[in-house]
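The values are calculated or read from the model by the stated rules, or taken from the named source; none is laboratory data. The structure displayed is predicted, hence computed values, not measured ones. Neighbour counts run over all protein chains shown; Cβ positions are idealised from the backbone, glycine included. SASA here: full protein model, heavy atoms, side chains in, ligands and nucleic acids out. Shrake-Rupley method; radii C 1.70, N 1.55, O 1.52, S 1.80 Å.
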Amino acid sequence: MIVNKVLKINKIKYSIIKCISSETQSIPTRNQLIEQIKQSKDCDVLVIGGGCTGVGVALDAALRGLKVVCVEREDISSGTSSRSTKLLWGGSRYLVTSLVSLFNHDLRLIRKPKETIQKFLEEFKMVMNCHRERRFLLNKQPHLTNWLPIAVPLTKWLIWPPPFNYPPAVFGPLGLFPLFFKFYDALSGYNCPPSHIMSTSRARRKFPQLAVNDIKYCSVFYEGQHDDARTNLSIALTAAKNGASIANYCDVIKLIKDSHGKVIGATIQDKISNEQFDVLAKSVIFCGGPFTDELRKLDNPNCENVVKGAGGIHIVIPGYYAPSNFGLVDMATSDGRFLFYLPWEGHVLIGTTDHPSEPSMRPVPSEREIQWILAEASKYLTKELKMRRQDVLSAWSGIRPLAGDPNSDENTASVSRDHVISYNPSSDVIFVAGGKWTTYREMAEDAVNKVLEVKPYLNKNLRPCSTLDTHFVGYEGYSTNLPLRL
C-alpha cells in the first residue's frame with residue numbers, strides 16, 4: 001500500500017516535471033540567443049530595453065511573425081519594472097480624478113464644457129483600458145497573479161478637509177465611497193471579487209493589526225497582485241519561445257545610420273564577453289522607460305528631454321504587521337498621495353508613487369521619504385504595534401516615466417499618464433514611454449501597430465495581434481491545487 005502510494009506520488013511529480021520540461025525545452029540559452037543575434041544579417045524589429053514594455057513588444061511582434069531582436073543592458077526587469085507596488089490595478093485613482101474634474105465645484109463643466117468633457121473621456125478611457133488589461137493578466141496568467149482584498153479604513157463619518165479637494169467627498173463615509181467601489185466593480189464587468197463593507201468586528205478578526213477602536217468601518221475592494229520581476233521574465237521567456245532573440249547584458253554602443261540619416265540598426269556590446277557586433281533592423285524601437293531620453297540622445301545629442309520621472313518609494317517590514325492575505329490603502333495621506341500597505345512574500349510592502357525624481361539606474365530612497373512612510377503607515381495601526389526605523393528590512397525606489405510626444409502636432413507641454421508612441425520621421429526611430437505595469441501589453445500592441453503603419457511593407461502575411469489570448473511560460477500544467485499535488 002505504501003509502495004503504491006509512493007509510486008502514485010512519483011508519477012504525479014514526473015508528469016508535472018515532464019509538463020514543465022516540454023514547455024521550456026524550446027527556449028534557447030543565452031549563448032544560443034547571442035549567436036542567433038550575431039548571425040542575423042537583418043531583422044524586422046530591434047527593441048532596445050528589457051523591461052515589461054520592451055519584452056512585451058518583442059512578444060507581440062514575434063507572435064505576428066516578425067523577426068525580432070531585443071537587447072537589455074543589464075538583467076531583464078532590472079530597472080523600474082521590478083520596483084513597482086506589485087499591483088495590477090484598474091486605475092481607481094484615475095477614475096476618482098476624472099470624476100472630480102468633471103463634477104468640480106468650480107463649475108468648469110459649465111464654463112468649459114468641451115475641454116472638460118474631452119479630458120474626462122481621455123481619463124475614463126485609460127481606466128477602461130486598465131480594467132481590460134487587468135482582466136487579461138488575472139484570467140490568462142493565474143500562475144503569476146492573484147486577487148488581493150484591500151481595505152480603506154474610515155475613521156470619521158464626515159471627512160475634512162475633503163479628499164481630492166472635492167467638497168461632496170466630505171460625505172464619502174456615509175455611502176459615497178462604497179457606491180464608488182461598486183461602480184468600479186461594474187467597469188470590470190464584475191470580473192473581480194465584489195467590493196464590500198467590513199464592519200469593525202470583522203476587521204478585528206481579519207486585520208487584527210488595525211486600531212479598530214478608531215475605525216467606523218472599512219470599505220474593501222480588490223486589485224490584482226503579482227511578482228513584477230517574475231512576470232517580466234515570463235514574458236521574455238515566452239517571446240524567446242516564440243522566436244524572438246532576447247539577450248541581457250547587451251549594451252547599445254551607438255546607432256547605425258544610412259546615408260539619409262535613417263537609423264538602420266545598432267552596434268551592440270556583449271558585457272559578459274566584451275565582444276561587439278552590429279545588428280541591422282528595418283525598424284528600431286526604444287523601450288528605455290525613464291532612460292528614453294538617454295537613448296534618444298544616441299540618435300540626436302541635441303534633442304530636448306521629454307520624459308519626466310515619477311519616483312515610487314517602497315519599504316519592506318516584518319510580516320507580523322499585516323495579515324498574509326489582506327492589504328490596506330490610505331487615500332488621504334498628508335500630501336495627497338496614495339499609500340499602499342500590502343502583504344508580500346511573507347513580509348509587508350509599504351509604498352507610494354508620484355514623487356518627482358531624476359532618472360537613475362540605482363535610485364536610492366531618501367531617509368526623509370522613509371520616515372514619512374513610517375509615520376503615515378502607523379496612523380491606522382494599534383498602539384501595541386509601534387513601527388520603528390529598525391523594522392525597515394529593505395527600501396527601494398523605482399522611477400516611472402511620464403512622457404510627452406515631441407513629434408506630435410498637438411500641444412505637448414504636458415506629460416501623459418497614458419503611454420506615448422512617438423515616431424521620428426527624420427531618423428525612423430520609434431520610442432515608447434509612459435503607461436503603467438498593468439497596461440504594458442496595450443503599449444506593446446500600439447508600438448507594433450506603429451511599426452506596421454510607418455513600414456507597411458512589413459505587413460505581409462503577418463498574423464493579427466494575439467497577445468490577449470497568449471498564456472505565458474509557466475501556465476502549462478499549472479492549477480491552484482499544484483502545491484497540494486506536489
Result of the Cβ filter at 7 Å on the range 27-53, keeping first residues that are among the basic types (Lys, Arg) and partners that are outside any loop (DSSP other than H, G, I, E, B) and open to solvent by 30 Å² or more (accessible area, probe 1.4 Å), at least 6 apart or interchain, is LYS41/LEU280
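Select from the range 371-405 the residues that are among the small types (Gly, Ala, Ser) and touching a Phe, Trp or Tyr at 6+ places or on another chain (Cβ under 9 Å) and write down the one among them that is surrounded by the most Cβ atoms within 10 Å (Cβ to Cβ). Write out each step before concluding.
Of the residues in the range 371-405, the ones among the small types (Gly, Ala, Ser) are 375, 377-378, 394-395, 397-398, 403-404.
Restricting the remaining residues to those that are touching a Phe, Trp or Tyr at 6+ places or on another chain (Cβ under 9 Å) gives 377, 403.
Numbers: ALA377: 24, ALA403: 27.
Among those residues, the one meeting the criterion is ALA403.
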Considering every residue within the range 355-370, establish whether at least one is within 26 Å of SER219 (Cβ to Cβ), open to solvent by 20 Å² or more (accessible area, probe 1.4 Å), touching a Gly at 6+ places or on another chain (Cβ under 8 Å) and of a type in the set (S, T, N, Q). no
Where ASP106 falls short, out of the listed (1) touching a residue at least 24 places away in the same chain (Cβ under 8 Å); (2) part of a loop (DSSP other than H, G, I, E, B); (3) among the acidic types (Asp, Glu): (1)
Considering only residues of the range 60-100 that are touching a Ser or Thr at 6+ places or on another chain (Cβ under 7 Å) and closer than 20 Å to PRO178 by Cα, which is surrounded by the most Cβ atoms within 10 Å (Cβ to Cβ)? GLY90
Considering only residues that are assigned to a strand (DSSP E or B), under 11 Å from GLU376 (Cβ atoms) and among the aliphatic types (A, V, I, L, M), which ones fall in the range 330-345? LEU339
Among the residues of the range 269-288, is any touching a Gly at 6+ places or on another chain (Cβ under 8 Å), modelled with pLDDT under 95, open to solvent by 10 Å² or more (accessible area, probe 1.4 Å) and under 30 Å from ALA377 (Cβ atoms)? no
Can you tell me which of ARG485, ARG400, ARG441 is in contact with a helix residue (DSSP H, G or I) (Cβ under 9 Å, 6 or more places away or on another chain) and within 23 Å of GLY346 (Cα to Cα)? ARG485
Selected residue [at positive phi, among the hydroxyl-bearing types (Ser, Thr, Tyr) and not in a helix (DSSP H, G or I)] from SER26, SER84, SER77: SER77
For the range 123-167, what are the residues that are of a type in the set (Phe, Trp, Tyr) and either within 29 Å of ASN213 (Cβ to Cβ) or modelled with pLDDT of 95 or more (or both)? PHE136, TRP147, TRP157, TRP160, PHE164, TYR166
Tell me which residues, restricted to the range 440-478, are surrounded by 15 or more Cβ atoms within 10 Å (Cβ to Cβ), over 18 Å from ASP44 (Cα atoms) and among the aliphatic types (A, V, I, L, M). MET443, VAL473
Residues that are closer than 30 Å to GLU445 by Cα and open to solvent by 20 Å² or more (accessible area, probe 1.4 Å): list the helices (runs of 4 or more DSSP H) wholly contained in the range 149-254 that include at least 2 such residues. 176-187, 228-241
